[in-house]
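> Below are the structure tokens for one structure; questions will follow.
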Amino acid sequence: MSERGSNNKDNGNLAAKRILDYILSNIELGIIVREVESGKVVFANEKASLDVAVETVIRNTYDEAIVNEGKPSEGFKYTNIKYYPQYGRWYEVRLKEMCWVDGKSAVIGTALDVTDNKRFANRKYNKHEEYIKEAVETSKDEFVLFYQPIVSTVTKECVGSEALIRWDSKSLGFMYPSDFIPMAEYLGLITTIGEFVIENACLQCKEWNDNGHPDFHVSVNLSAIQLMQFDLVEDIKDILDRTKVNPKNIVVEVTESFAINDINRVITILNNLRKLGIKVALDDFGTGYSSLNYIKRLPLDIIKIDKTFIDDLIEDEYAKAFIKLIVDLSKTIGTQIVAEGVEREEQYALLKDFGVDYIQGYLFGKPVDSLSFEKDNFL
């Protein structure tokens, strides 16, 4: 390693410690760290990643405060009370300080919702966080992708899969996403993990395409923090170029709640992703607060109906009517429908009758590693 590279790494480690210390003392705040020059998000804690309003407030205030070719305005410490009518909340905005991340200047921004005085309880730094930081920073060998089959409703043929990350920790054992993704978001590691998922899913898809399955596709999920990145589209393009996968066989999934909360920005991002040749899916549809008009506006190729509607499908007339409505809508706007969480033959039979295009769920297969996926004759 060069001396310069070593200095950058030391700066990055120092920044990480400063950020962590800051967050542990201000955990009630939504915190986002951006590089000054690029605007790239290098850190976001859980509150910021789950609250689009907080991210928007920080971003807007950040843009106002940083001037003079990336240099902070005089005094830099910036506190203001602003009202954002689209969210109906008051926020106290603070641009806290400069620091160095990977040798680049960065700014820490926070936004505290002062409409009420609810605060997150203080939390303790725990050993699990040490382990996941080490797993991400030293190597990603502990992370593995599992694949769940996506099956044609008409032919029952496996036409694709969803890539789902698992953490096979040497210290903690095998862990599912719900056990570590919130922690990764809190620690600002989710972007790195997300890039790992996309790249390895593309590599696996390329391998399967080259070995007799040219139309097989793989889906990957984009986190809210990934969608905050200004250079998300460029990063994905770089991955597509490196892996040489056919873009038409890659599907990116965004959750309904995030897409609807920041719809204008998401529309731009999704349009740019589709220009790369990849497909876009709206995940967990039916769990958010969107109207059907939003679905018309979003540039989508696939709508994935949430498992909650499938669970009640046999007995619940509303669930049946909802799925029929979405199938009819999809024919009008030119999207395909995937039903998630299908576990019973009776559910499959109804979904087939309704005209749903694809099925995903335990009825046809649980998520498994790539070798097991092949051995289970999904290809």
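The values are calculated or read from the model by the stated rules, or taken from the named source; none is laboratory data. Given the structure is predicted, the values throughout are model-derived calculations rather than measurements. A quick note on method: Cβ atoms are made from the backbone with ideal geometry, for glycine too, and the neighbour counts reach across all protein chains shown. What goes into the accessible areas is simple: the full protein's heavy atoms, side chains included, and nothing from ligands, DNA or RNA. Shrake-Rupley method; radii C 1.70, N 1.55, O 1.52, S 1.80 Å.
> Can you tell me which of 227, 203, 172, 145 is touching a strand residue (DSSP E or B) at 6+ places or on another chain (Cβ under 6 Å), aliphatic (A, V, I, L, M) and at negative phi?
On the way: 227 fails: touching a strand residue (DSSP E or B) at 6+ places or on another chain (Cβ under 6 Å); 203 fails: touching a strand residue (DSSP E or B) at 6+ places or on another chain (Cβ under 6 Å); 172 fails: touching a strand residue (DSSP E or B) at 6+ places or on another chain (Cβ under 6 Å).
Only one candidate qualifies: 145.
> Can you name every residue in region 147-163 that is closer than 11 Å to residue 379 by Cα, open to solvent by 20 Å² or more (accessible area, probe 1.4 Å) and either in a loop (DSSP other than H, G, I, E, B) or among the polar types (S, T, N, Q) (or both)?
Correct list: 157 only.
> Additional query: Quickly run through region 334-343 and pick out the residues that are under 21 Å from residue 300 (Cα atoms), of a type outside the set (Gly, Ala, Ser) and open to solvent by less than 50 Å² (accessible area, probe 1.4 Å).
Within region 334-343, 335, 337, 338, 340 qualify.
> Okay, moving on. Does region 178-191 contain any residue that is at pLDDT 95 or above and either open to solvent by 60 Å² or more (accessible area, probe 1.4 Å) or part of a helix (DSSP H, G or I) (or both)? First the steps, then the outcome.
First pass over region 178-191, keeping only residues at pLDDT 95 or above: none.
No.
> Tally the residues that are crowded, with 18+ Cβ neighbours inside 10 Å and either among the small types (Gly, Ala, Ser) or not in a loop (DSSP other than H, G, I, E, B) (or both), restricting the search to region 210-232.
Within region 210-232, the first condition is being crowded, with 18+ Cβ neighbours inside 10 Å, and the residues that meet it are 216-229, 232.
Going one step further and asking which of them are either among the small types (Gly, Ala, Ser) or not in a loop (DSSP other than H, G, I, E, B) (or both), we end up with 217-221, 223-228, 232.
Number of matching residues: 12.
> Which residues, counting only those in region 344-379, are closer than 30 Å to residue 142 by Cα, open to solvent by 60 Å² or more (accessible area, probe 1.4 Å) and of a type outside the set (A, V, I, L, M)?
Those that are closer than 30 Å to residue 142 by Cα, open to solvent by 60 Å² or more (accessible area, probe 1.4 Å) and of a type outside the set (A, V, I, L, M): 362, 366, 374, 375, 376, 377.
> Any idea which of (1) at pLDDT below 70; (2) part of a strand (DSSP E or B); (3) open to solvent by 40 Å² or more (accessible area, probe 1.4 Å) is the one residue 144 doesn't satisfy?
(1)
> Say whether the condition of being in a loop (DSSP other than H, G, I, E, B) and at pLDDT below 95 is met by at least one residue in region 193-205. Write out each step before concluding.
First, pick out the residues of region 193-205 that are in a loop (DSSP other than H, G, I, E, B): none.
Within region 193-205 (the criterion being in a loop (DSSP other than H, G, I, E, B) and at pLDDT below 95), the answer is no, since none of the residues qualifies.
> I'd like to check something: does region 151-159 contain any residue that is within 19 Å of the chain's Cα centre (by Cα) and in contact (Cβ under 8 Å) with a residue 12 or more places away in the chain? Lay out the reasoning, then the answer.
Taking region 151-159 first, the residues within 19 Å of the chain's Cα centre (by Cα) are none.
No, there is no match, as no residue in region 151-159 is within 19 Å of the chain's Cα centre (by Cα) and in contact (Cβ under 8 Å) with a residue 12 or more places away in the chain.
> Residues being touching a residue at least 24 places away in the same chain (Cβ under 8 Å), among the charged types (D, E, K, R) and surrounded by fewer than 16 Cβ atoms within 10 Å (Cβ to Cβ): count how many of those fall in region 304-327.
Matching residues across region 304-327 total 1.
> Report every pair of residues separated by at least 6 positions or lying on different chains whose Cβ atoms are under 8 Å apart, first residue within region 348-369 and more than 11 Å from residue 153 (Cβ to Cβ), second of a type in the set (Asp, Glu) and open to solvent by 50 Å² or more (accessible area, probe 1.4 Å).
Filtered contacts from region 348-369: 361/343; 362/343; 363/343; 363/345; 365/376; 368/376.
> Sort out which residues of region 285-298 are surrounded by 18 or more Cβ atoms within 10 Å (Cβ to Cβ) and modelled with pLDDT of 85 or more, and write them in order of number.
Correct list: 285, 298.
> Give me the pairs, please: first residue somewhere in region 272-286 and over 16 Å from residue 163 (Cα atoms), second residue anywhere and open to solvent by 30 Å² or more (accessible area, probe 1.4 Å) and in a loop (DSSP other than H, G, I, E, B), beta-carbon distance under 8 Å, and either six or more positions apart or on two chains.
The qualifying pairs are 274/301; 277/246.
> Would you call residue 268 open to solvent by 30 Å² or more (accessible area, probe 1.4 Å), assigned to a helix (DSSP H, G or I) and of a type outside the set (Asp, Glu)?
Values: open to solvent by 30 Å² or more (accessible area, probe 1.4 Å): yes; assigned to a helix (DSSP H, G or I): yes; of a type outside the set (Asp, Glu): yes.
It is true that residue 268 is open to solvent by 30 Å² or more (accessible area, probe 1.4 Å), assigned to a helix (DSSP H, G or I) and of a type outside the set (Asp, Glu).
> Could you tell me which of the residues 179, 238, 210, 215 is free of Cβ contacts under 8 Å to residues at least 24 places away in the same chain and over 24 Å from residue 43 (Cα atoms)?
Every option except 210 fails the conditions.
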